[in-house]
């Protein structure tokens, strides 16, 4: 299935000069000789599109609350929350991140609580 997807993406990039992410964003391929990269670009571009949408969803969810999104690095979100709200906020973020109806495969995420990334990695919930 993956090999077929990569081949189709490469063929589309070569024939029409672009491929699309799952959200419909076009990624141009003006050089047909580079079309072999199309499949990976579709996966990475789709991931970026989903992460941006999830960032916006998290920001909307916690707007007007004491929970603040303070940093997003690649595929990690760093939020600041009062101690008594941290576990509920973490569980809500996990639910938001794992809900991607456009995909047929599950998205798994881990959440943790701590004063820094190391502690949060050690204190997963």
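Observations
- Selected residue (criterion: surrounded by the fewest Cβ atoms within 10 Å (Cβ to Cβ)) from residues of the range 41-66 that are under 15 Å from residue 97 (Cβ atoms) and in contact with a strand residue (DSSP E or B) (Cβ under 6 Å, 6 or more places away or on another chain): 59
- With respect to the conditions (1) on the phi > 0 side of the Ramachandran plot; (2) in contact with a strand residue (DSSP E or B) (Cβ under 9 Å, 6 or more places away or on another chain), residue 97 falls short on a single one, namely (1).
- The range 65-89 - residue that is in a strand (DSSP E or B), touching a helix residue (DSSP H, G or I) at 6+ places or on another chain (Cβ under 8 Å) and within 13 Å of residue 116 (Cα to Cα) and, of those, modelled with the lowest pLDDT: 76
- Residues located in the range 22-38, provided they are at pLDDT below 95, closer than 21 Å to residue 104 by Cβ and touching a strand residue (DSSP E or B) at 6+ places or on another chain (Cβ under 9 Å): none
- Qualifying residues in the range 107-118 (those that are over 16 Å from residue 75 (Cα atoms) and in contact with a helix residue (DSSP H, G or I) (Cβ under 8 Å, 6 or more places away or on another chain)) - the one surrounded by the most Cβ atoms within 10 Å (Cβ to Cβ): 113
The values are calculated or read from the model by the stated rules, or taken from the named source; none is laboratory data. Computed from a predicted model, the values in this text were never measured in an experiment. Ideal geometry is used to build each Cβ from the backbone, glycine not excepted, and the neighbour counts take in all protein chains shown.
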